[in-house]
Amino acid sequence: MPRVEVFLPIDNIILYLVIAAVFEALAVYLFQFRRIPGALLLVYCQIAKGFWVLAKPFVSLQPDLPGKLFWVNFNEWTPILLTYFWFEFILQVSQQKNRLITVIQVLSRATVVSLLLIISFDSMLGWYWGPMTFDGQVLSIVAGPAAKVNAIFCYALNLLSLGLSVRWVYCSNGLRRQQAVAVSVTPVFNLIGIILGYTFELQAVPPQVPGLLLSAIYVTGVFYWWRIYSILPLAQEAVTRNMNDGLLVVDKKSYIVDLNPAASTILAGIAVTIGDKFSAIIAAWPELAAMGDKPTLEVSRIFNGLQRFYLISTLQCKTPQGHVIGQTFIFKDITEQKRDHAKLMDQQKALSIMAERERLGRELHDGQGQLWSYINVQVEAARSLLDKKDFVQADLLLEKVAGVTQDVHVDLRESITGLQLSATKEGIWQTLDEYLQWFKQNHGIDTELLLSEEVVAGLLPPTTEVQLLRIIQEALTNIRKYAKAQKARVAILVKDDNIVEIQVEDDGCGFDLTAVAAKKGSFGLKIMQERAAEIGAQYQICSKPGTGTKVIVQVTIAEESAADTRKDISL
């Protein structure tokens, strides 16, 4: 015997509206947990229940048959959607996935779409509804074949959801099993509500309504308590609230939705509360405006007379489907690290200065210090010749001493000028050009400086730059003293993006490397070699008699730039 749907007039419309409002209120309440898996599907379930309850009074209120049929169709859509959303909810929260379930999921989606289309266009097809009668108040409709398919599909999908729930209980342990049991007994509350409806013969609403309402209230409570007692959200909450780093979360419209106690401490003095725009923080802390699309930004803030430094990192908040719904700002206090780094740099500077002083002392002792001994001996010899009335030899000896003294004076003046070079914002290499100009004017040797475009401030650590500069100065001193050169060329090149090469060459007389290496007193070459070894650089001299000399020094560029830690160093 075919099933007949009867739609009677409804007098207590207000009650239906109140019940529908309860469902929608539950949906709104659940929406706040939308980031948790399954929450949105549970929201859709409550919305579908609410519209199913609303459809019945709207059928009663329509005066004509077409209007009633529209809401009758609406009354058929909602159970299909409710059954499907509950099935998807069980799949999502239980995290069950295999090939068979995927196939069933695809088939269920196709069936839902097909049934919705059949119901929507049934006036042309005649598959869902059969003969109908309408006497002005009561509407009776005979269910067609598609309506039977709909009923079978909904019952089958509900049974499948129940089976998946049982499987979830069986396959899980501990807290997950408790969660599975709590969600799986939801249909029992639906059944209890229906039994209560029939038992007390509630005439105001159909017996299914108390069942839907009771199960909705239960599952909403379970979902809330499930969230509270779930280990992962509790762990995340504990870490967030007790972490030393500040955590601030904004939605995609830049409204602040949460901040932990550490963030509140960091933002102390800035009037900011949940619900405010992030731009309010930027207005009080303008440095944050430079964040833009940068993943990290270093900023500072002075509060209560103290300056603190923070490293801000950003992370996008995405749904499991990949949609960006907000952004997280992490404020890491790096004040102590900055201070420790500054102390370390000061210590390195002090050590470098001490090492340079020791080297200078050794150079003066081995080089110019011995010249003073030589001059003293020669003066004593000249005095002896004067006592013997040998004025010609004494004059020659004093003239020789005067020449040596002049050479010492030139060396000292050149050393003092070189030591006055120090790092600037543009880098120490920019000051080298001034030194070469001075060298040319005072010694008559034409000098040329070639700098690669990649040679910029911070390319090398300051101490490395200073040592390379001293090597260049020592090479130029050797050119002045021994090369008899007309031209000198200094080139600073970047090769293969990670090697800085220094070249100092002249067109002078050159020399025999083997002979000079065996000769005692070749302090200049030894000094350059020591400086290169101290910074881990490769050092090479190319020279032959009559072909000029070329000094080559190569140093590897560090992975991290030293620009942020640069300080004035003058050795």
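Before moving on, here are some points about what is shown:
- Helices (runs of 4 or more DSSP H) wholly inside segment 450-543 that include at least 1 residues being under 19 Å from residue 438 (Cα atoms): 462-478
- Enumeration of residues in segment 128-162 that are over 16 Å from residue 84 (Cβ atoms) and modelled with pLDDT of 85 or more: 145, 146, 147, 148
- Check on residue 68, touching a strand residue (DSSP E or B) at 6+ places or on another chain (Cβ under 8 Å) and part of a helix (DSSP H, G or I): yes
- Residues (aliphatic (A, V, I, L, M), closer than 29 Å to residue 110 by Cα and touching a Ser or Thr at 6+ places or on another chain (Cβ under 9 Å)) located in segment 157-179: 157, 160, 162, 164, 166, 169
- With respect to (1) touching a residue at least 24 places away in the same chain (Cβ under 8 Å); (2) touching a helix residue (DSSP H, G or I) at 6+ places or on another chain (Cβ under 6 Å), the lone exception for residue 120 is condition (2).
- Candidates 78, 83 - the one that is surrounded by fewer than 21 Cβ atoms within 10 Å (Cβ to Cβ), modelled with pLDDT of 85 or more and either out of contact with any Cys (no Cβ under 6 Å at 6 or more places or on another chain) or of a type outside the set (A, V, I, L, M, F, W, C) (or both): 78
- Against the criterion of being free of Cβ contacts under 8 Å to residues at least 24 places away in the same chain, of a type in the set (Gly, Ala, Ser), under 20 Å from residue 36 (Cα atoms) and not assigned by TED's automatic domain parsing to the domain that holds residue 92, residue 275 does not qualify.
- Condition met for residue 36 (under 30 Å from residue 103 (Cα atoms) and surrounded by fewer than 20 Cβ atoms within 10 Å (Cβ to Cβ)): yes
- The listed residues are 449, 468, 476, and the only one of them that is more than 15 Å from residue 553 (Cβ to Cβ) and either at pLDDT 85 or above or surrounded by 19 or more Cβ atoms within 10 Å (Cβ to Cβ) (or both) turns out to be 449.
- Restricting attention to segment 163-201 and to residues that are modelled with pLDDT under 75 and either outside the structural domain of residue 96 (by TED's automatic domain parsing) or among the small types (Gly, Ala, Ser) (or both), the residue that is surrounded by the fewest Cβ atoms within 10 Å (Cβ to Cβ) turns out to be 174.
- As for segment 309-319, it holds at least one residue that is touching a helix residue (DSSP H, G or I) at 6+ places or on another chain (Cβ under 6 Å), modelled with pLDDT of 90 or more and outside the structural domain of residue 34 (by TED's automatic domain parsing).
- Boolean, residue 505 is modelled with pLDDT of 90 or more, of a type in the set (Asp, Glu) and either buried (at least 20 other Cβ atoms within 10 Å of the Cβ) or in the same structural domain as residue 434 (by TED's automatic domain parsing) (or both): yes
- Exactly one residue among 348, 368, 327 is polar (S, T, N, Q), surrounded by 15 or more Cβ atoms within 10 Å (Cβ to Cβ), at pLDDT below 75 and in contact with a Leu (Cβ under 9 Å, 6 or more places away or on another chain), and that residue is 368.
- Residue within segment 384-398 that is modelled with pLDDT of 80 or more, under 30 Å from residue 279 (Cβ atoms) and not aliphatic (A, V, I, L, M) present: no
- Scanning segment 542-564 for residues that are modelled with pLDDT under 50 and crowded, with 16+ Cβ neighbours inside 10 Å turns up just one, 562.
- Considering segment 89-173, the qualifying helices (runs of 4 or more DSSP H), each wholly inside and each with 2 or more residues that are over 40 Å from the mean Cα position of the chain (by Cα) and of a type in the set (S, T, N, Q), run over 99-120, 145-171.
- Filter result (farther than 23 Å from residue 481 by Cβ and surrounded by 13 or more Cβ atoms within 10 Å (Cβ to Cβ)) within segment 385-404: 385, 386, 390, 393, 394, 395
- Selection count where residues are touching a residue at least 40 places away in the same chain (Cβ under 8 Å) and closer than 27 Å to residue 7 by Cα, scope segment 20-62: 13
- Looking only at segment 262-294, and only at residues there that are among the β-branched types (Val, Ile, Thr) and buried (at least 18 other Cβ atoms within 10 Å of the Cβ), the one that is farthest from residue 242 (Cα to Cα): 281
- Of all residues assigned to segment 76-89, at least one qualifies as being under 30 Å from residue 8 (Cβ atoms) and among the polar types (S, T, N, Q).
- Unmet criterion (only one of (1) free of Cβ contacts under 8 Å to residues at least 60 places away in the same chain; (2) of a type outside the set (Gly, Ala, Ser); (3) surrounded by fewer than 18 Cβ atoms within 10 Å (Cβ to Cβ)) for residue 530: (1)
- Taken over segment 86-113, the criterion of being among the hydroxyl-bearing types (Ser, Thr, Tyr) and exposed (fewer than 15 other Cβ atoms within 10 Å of the Cβ) is satisfied by 102 alone.
The values are calculated or read from the model by the stated rules, or taken from the named source; none is laboratory data. Computed from a predicted structure; not experimentally measured. Don't worry about glycine lacking a Cβ; one is built from the backbone with ideal geometry, like all the others, and counts go over all protein chains shown.
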